[in-house]
Amino acid sequence: MATELGATHTIDASKVDAVKAVQELTDGFGADVVVDAVGRPETWKQAFHARDLAGTVVLVGVPTPDMTLEMPLIDFFSRGGSLKSSWYGDCLPERDFPALVDLYQQGRLPMDKFVSERIKQHSASAQVIAESDGRTRFVWIADVLPNEIAPYMDAQMDLGLLAMQKSLGRSAA
């Protein structure tokens, strides 16, 4: 799917050492930007070591509260570059989510290609648990969020979902 969406190279980390593969593709330099969309310590370390010395690692995948990262502090100092996290792409949900929905409705944002599974709302809490152990990552958009996942959300998430509902012409009941 990545090549369908414009990727020039793909790496299957289950078959090859991802860090070495990135180094080979970049003549030993590493990538300018590496995005960790999984949010686990082992994937973050891969991202950290796959980037160029002046490159950036962006943590998009949300780790669970109990996850920790064990690395020598000197590695952060000696490798330079930039480390950041990104919540919703650091967007403003009330502004950006309606624009993304509009792009999707125009056929310019192929979000359907990213859907690997559809679940009923009553089974969403099980999917949140599956997501937190690192096996599954997905975006779930719903009209009404079950009470079971409410503790995992903050005000920004609420605003983003309300903005998407409004853009889609749905009530936030």
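The values are calculated or read from the model by the stated rules, or taken from the named source; none is laboratory data. None of these values were measured; they are calculated from a predicted model. Note: ideal-geometry Cβ built from the backbone for every residue, glycine included; neighbour counts use all protein chains shown. Only protein heavy atoms, including side chains, enter the accessible area calculation; ligands, DNA and RNA are left aside. Shrake-Rupley method; radii C 1.70, N 1.55, O 1.52, S 1.80 Å.
Here are the numbers:
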item: In region 27-60, residue least open to solvent (accessible area, probe 1.4 Å) [restricted to those that are in a loop (DSSP other than H, G, I, E, B) and over 14 Å from Gly81 (Cβ atoms)]; result: Gly39
item: Which numbered condition Lys120 misses (of (1) surrounded by 17 or more Cβ atoms within 10 Å (Cβ to Cβ); (2) modelled with pLDDT under 85); result: (1)
item: Leading residue by the ranking (nearest to Pro63 (Cα to Cα)) among those in region 78-117 that are modelled with pLDDT under 80 and among the small types (Gly, Ala, Ser); result: Gly89
item: Pick from region 84-101, criterion hydroxyl-bearing (Ser, Thr, Tyr) and open to solvent by 60 Å² or more (accessible area, probe 1.4 Å), ranking: nearest to Ala54 (Cα to Cα); result: Ser85
item: Lone unmet requirement of (1) surrounded by fewer than 19 Cβ atoms within 10 Å (Cβ to Cβ); (2) touching a helix residue (DSSP H, G or I) at 6+ places or on another chain (Cβ under 9 Å) for Ala7; result: (2)
item: Met71 being under 27 Å from His9 (Cβ atoms), surrounded by 11 or more Cβ atoms within 10 Å (Cβ to Cβ) and at pLDDT 90 or above; result: yes
item: Residue check, Ala18 modelled with pLDDT of 85 or more, of a type in the set (A, V, I, L, M) and out of contact with any Lys or Arg (no Cβ under 8 Å at 6 or more places or on another chain); result: yes
item: Residues satisfying the stated conditions in region 10-26, i.e. outside any loop (DSSP other than H, G, I, E, B) and of a type in the set (Val, Ile, Thr); result: Val19, Val22
